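The values are calculated or read from the model by the stated rules, or taken from the named source; none is laboratory data. Quick caveat, the model's predicted, so the values are computed rather than measured. Using ideal geometry, Cβ is built from the backbone for each residue, glycine included, and neighbour counts are taken over all protein chains shown. The protein model used for the area step is the full one, side chains on, heavy atoms only, and it has no ligands, DNA or RNA in it. Shrake-Rupley method; radii C 1.70, N 1.55, O 1.52, S 1.80 Å.
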Amino acid sequence: MLTSKNVLLCIFSYNMGSTLERCILSTFKMCPGFDVALIDDQSEDDVTRAVIEKYRPRMKLCVTSTEDKQGRRHGNLYGNIQRMCRYAEEEGYDFIFLIQDDMQFVRPFDDAILKQYGELFASDDKVLQVDPRFLRKGYAYDILEDVKAYRFPDGDNRRSYADVGILRLSTLKKLGWTFRESEAENKKVLADLGYVRLFPFSPIVMHVPFPRTYRAGKLKTSLLPMRRGDYEFHEMTPRERERMDRRSLQEIPYFRRFLRPKNMLLARLVYALVTDASALR
C-alpha cells in the first residue's frame, strides 16, 4: 500500500526561480499530509535561492549539494537522487517520489490515487516505478487491460525508469543500486534486468509549458515564446477530474487533451503549433 506516511516527496532544484515556487506550492496544496524534501544543485539564481529559503521551514529536509559537478551535463542530479533515496530509506519510507522543479501538480494526491498507484506496485515485483505524469503524443504506448495502466512497448528501454516518478526503495536496496550518470544508461541497465515503470490511468502531475532549460549549468536561450518559465496549467476542476476518471482505458491521458494552459496570450499560438516534446522544454 501507498500512504501519505510511507512516500517521501522530493523536489530536485536548479535555477528555476518562480517555476520552482509554483512546483513547491502545487506540491503543498495537492499533497497534504506528505513529507516534502528539496535538494538544490548549487543554484546561482537569486530568485531560486530566495524561494528555497522562504519554504525551508515547511520542508522535512532542505539541503544543497556540495560535490564538484566536474562539467557533467546534469550536474549532481544522479548523485542527488542517490543521496535522497538513501535518506528516504534511512528515515523509514518505502517509496520516494522524484519531482523535477519544472513540474506542477494539477490534481490531489488523495486516497483514491494512492490506492490506484499502490495496486500497480502490488501487481508485480518487477514494477520499479509508477510515473504519474500525463502522456505525450508521438510515442507508442501499450495499454495494459489487466492493471488499467500504460507502458512503453517491449524492447524500449524507456519502459524501465525515468528521473520522475515514484520509486520502490526495497527494489533499489535489493539490487544494491547505484545510479549511473545519465537517464539513458539507467534505463538500459534496469530494462535489461526486467524492471518496468507504469503510467497510471489517473495522472496527477506534469511539466509546465515552456520552462527554462539548462544543460551543463548553462541556460539554453530561445526567442519564442517570450516569458519562458512563467507559464503553468490550470488546476483540474472536480468535473474535469471526474471526466478523466470515467473515460475508457483506450483514451490515453495526453496532457493537451486534459490540461488547460494558463497565463498565455501570444504564446498560446506557439503552444498549439509545436510538438508535445517542444512544448515542455
Accessible area per residue in Å² at 1.4 Å probe, computed on the range 238-281 | 63 Å²
Treating only Lys and Arg (+1) and Asp and Glu (-1) as charged, each at its beta carbon, one finds that the chain has a dipole about its Cα centre, in Debye to the nearest 20, of 800 debye
So how far, in whole Å, is the C-alpha centre of the range 177-213 from the one of the range 8-69?
-> 20 Å
Over the range 1-124, what is the relative contact order in whole percent, taking alpha-carbon pairs under 8 Å and six or more residues apart?
-> 42 percent
Fluctuation leader among Phe201, Phe258, Phe12 - the chain, Gaussian network, Cα springs under 10 angstrom | Phe258
For Asp111 and Tyr214 in the same chain, what is the full-extension length gain: residue separation times 0.36 nm, less their Cα-Cα distance, in nm?
-> 33.5 nm
How much length is gained if the chain between Glu240 and Val47 is pulled fully straight, taking 0.36 nm per residue apart and subtracting their Cα-Cα distance, in nm to one decimal?
-> 66.1 nm
Proximal charge balance of Lys188 [Cβ under 15 Å; K/R count +1, D/E count -1] = -2
If you line up the Cα atoms of the range 27-90 on their principal axes, what length do they span on each, largest first, in Å?
-> 37, 31, 17
Roughly how big is the range 75-232's charge dipole about its Cα centre, with Cβ charges of +1 (Lys, Arg) and -1 (Asp, Glu), in debye to the nearest 20?
-> 700 debye
If contacts are Cα pairs under 8 angstrom and at least 6 residues apart, what is the relative contact order of the range 184-281 in percent?
-> 36 percent
Take every Cα pair under 8 Å in the chain that's 6+ residues apart, average their separations, divide by the length, and report that relative contact order as a whole percent.
-> 21 percent
Just tell me which lysines come within less than 16 Å, Cα to Cα, of Lys115; anything on the same chain fewer than 8 places away is out.
-> Lys5, Lys148
Could you tally the net charge around Ser43, taking each other residue with its Cβ under 14 Å from the Cβ of Ser43, Lys/Arg +1 and Asp/Glu -1?
-> -3
In this structure, the FRET efficiency calculated for Arg260 and Arg58 from their beta-carbon separation, with R0 = 35 Å, to the nearest 0.05, is 0.80
Distance (nanometres) between label positions extended 7 Å along Cα→Cβ at Lys174 and Glu89 | 1.3 nm
Length gained when the stretch Lys188-Gln250 is fully extended (0.36 nm per residue, less Cα-Cα span) | 19.5 nm
Calculate the dipole size of the range 1-137 relative to its Cα centre from +1 charges on Lys and Arg beta carbons and -1 charges on Asp and Glu beta carbons; express the result in debye to the nearest 20.
-> 360 debye
Per the Cα gyration tensor, the chain corresponds to an equivalent ellipsoid with semi-axes, largest first in Å, of 25, 24, 19
Restricting to the chain, compute how many DSSP beta bridges are antiparallel as a %, nearest 5.
-> 45 percent
Trypsin sites (Lys or Arg not before Pro), restricted to the range 124-199: which are DSSP loop and have at most 16 other Cβ atoms within 10 Å?
-> Lys126, Lys137, Lys148, Arg180
With the full set of protein chains in place, find how many percent of the accessible area of the chain is carbon and sulfur; take the probe as 1.4 Å.
-> 51 percent
Out of every Cα-Cα pair in the range 221-281, what percent are more than 13 Å apart?
-> 67 percent
Just going by the charge dipole of the range 213-266, with Lys and Arg at +1 and Asp and Glu at -1 on Cβ, which of Tyr254, Leu266, Leu224 is farthest out on the positive end?
-> Leu224
For the range 66-224, the per residue accessible area (1.4 Å probe, Å²) is 44 Å²
Gap separating the Cα centres of the range 218-281 and the range 116-165, nearest whole Å = 21 Å
Could you give the Stokes-Einstein D for the range 158-281 in µm² per second, using the C-alpha Kirkwood radius, 37 °C, 0.692 mPa s?
-> 191 µm²/s
